[in-house]
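Here is the structure we will look at.
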Amino acid sequence: MMKMESIRSKQHQLPNDKGGLMIADIYPSRKSAEPQILLRHDPVVYTEMQDGMFLSREQKQEFEEKGFLVLKNIFSEVEIRLLQQELSDLRQRSKELKGREEVISEPNSGEIRSIFKIHDSSPVFSRLARDSRLVHAAQDILADEVYIHQSRLNYKPGFEGKEFYWHSDFETWHVEDGLPNMRTVSISITLTDNTPQNGALMLIPGSHKDFISCVGETPEDHYKESLKKQEYGVPDHDSLEYLANKGGIEQALGPAGTVVIFDCNTMHGSNSNITPYARSNAFFVYNSMQNKAQAPFGNIPPRPEFVATREKFVAVRPEERPLLKT
């Protein structure tokens with residue numbers, strides 16, 4: 001049993017038209033004609049600053065301050081090769097996979113950009129999603145049992161891999177999926193070397209402590225375009241300049257197997273990849289069981305299940321053994 005959290009989210013409840021209670025929107029976005037910079041209402045690290053099941057006190061303090069961690073030497077060479085082989089096998093099946101709604105192609109080339117809900121379709125990545133090193137890291141930050149809100153493989157192929165523009169994941173997950181609070185952490189496992197040249201992830205340290213309220217009314221079925229190229233829910237230039245001037249910009253560089261853990265509200269993005277070398281990663285979003293998706297705060301229909309879990313909230317049971325071929 002997880003110990004009850006030492007710090008709680010601030011969920012504000014208001015009466016609705018039917019006499020019940022609804023969760024108030026404390027992070028309004030896409031509702032105003034002008035962008036705003038709002039202070040974060042939620043904790044960053046929900047547990048006490050002491051060694052956890054996986055993260056040390058020092059690592060938790062760094063996460064609290066910067067909004068992300070870059071960890072190396074977490075997985076063995078054998079485990080990394082297993083993940084790379086599965087990545088390659090799935091790509092070899094590209095013709096079979098194309099056309100499925102969870103498979104997203106690059107906007108121009110048609111190359112596979114992402115495969116969503118990978119924890120539900122690949123035994124290898126399903127096992128990775130349950131790995132105790134990842135699950136315990138998420139629990140060390142969120143102080144709760146967690147479920148997977150979203151998972152995907154990002155391929156970013158050589159020559160053709162397009163950029164992921166600057167964004168806070170939470171802005172989209174709040175407006176389009178209905179996550180009430182910032183009690184969610186993303187964990188990315190690099191499956192290729194991440195270099196300054198091949199479109200490695202960029203993050204703005206400290207940006208997780210401000211919420212950028214974006215402008216623009218969300219179009220119907222926005223996800224169909226945003227998974228290829230996001231145009232709504234992206235921050236304005238002045239807000240980005242403010243965050244970058246305050247915190248700087250860092251890249252998450254490292255060899256295959258590097259683990260990047262970042263807060264749901266950390267501003268991040270990546271350049272296009274015009275090198276011959278792919279920049280691929282597995283991406284898992286762990287959400288607190290106390291922060292389940294509600295009705296989207298953007299007053300729009302929710303995104304489908306393959307993008308955002310809202311039907312089967314199943315707590316992830318961490319597995320301790322090393323990754324092995326299934």
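Remarks
- Candidate set: region 296-321, residues that are loosely packed, with under 15 Cβ neighbours inside 10 Å and out of contact with any Asp or Glu (no Cβ under 6 Å at 6 or more places or on another chain); chosen: the one farthest from ILE26 (Cα to Cα): ARG321
- From the options LEU240, LEU253, residue that is in contact (Cβ under 8 Å) with a residue 12 or more places away in the chain, out of contact with any helix residue (DSSP H, G or I) (no Cβ under 8 Å at 6 or more places or on another chain), open to solvent by 40 Å² or more (accessible area, probe 1.4 Å) and more than 24 Å from ARG127 (Cβ to Cβ): LEU253
- Within region 275-292, the set of residues being over 24 Å from LEU83 (Cα atoms) and open to solvent by 20 Å² or more (accessible area, probe 1.4 Å) comprises MET289, GLN290, LYS292.
- Of the residues examined, PHE125 is one that is in contact with a Leu (Cβ under 9 Å, 6 or more places away or on another chain) and touching a residue at least 40 places away in the same chain (Cβ under 8 Å).
- Note on region 255-275: residues that are more than 15 Å from ASN154 (Cα to Cα), at pLDDT below 95 and not β-branched (Val, Ile, Thr) amount to 0.
- Output for region 37-71, where each listed residue is assigned to a helix (DSSP H, G or I) and of a type in the set (A, V, I, L, M, F, W, C): PHE63
- Any hit, region 125-146, residues being under 24 Å from ALA256 (Cβ atoms), of a type in the set (A, V, I, L, M, F, W, C) and open to solvent by 10 Å² or more (accessible area, probe 1.4 Å): no
- Within region 29-50, being of a type in the set (D, E, K, R) and surrounded by 13 or more Cβ atoms within 10 Å (Cβ to Cβ) holds for ARG30, LYS31, ARG40, ASP42, GLU48.
- Evaluating ARG40 against the criteria (1) out of contact with any Lys or Arg (no Cβ under 8 Å at 6 or more places or on another chain); (2) at negative phi leaves one unmet condition, (1).
The values are calculated or read from the model by the stated rules, or taken from the named source; none is laboratory data. As the structure is a prediction and not an experimental result, all values here were calculated from the model. Positions of Cβ are backbone-derived with ideal geometry, glycine not excepted, and every protein chain shown enters the neighbour counts. The accessibility values were calculated without ligands, DNA or RNA, using every heavy atom of the protein model including side chains. Shrake-Rupley method; radii C 1.70, N 1.55, O 1.52, S 1.80 Å.
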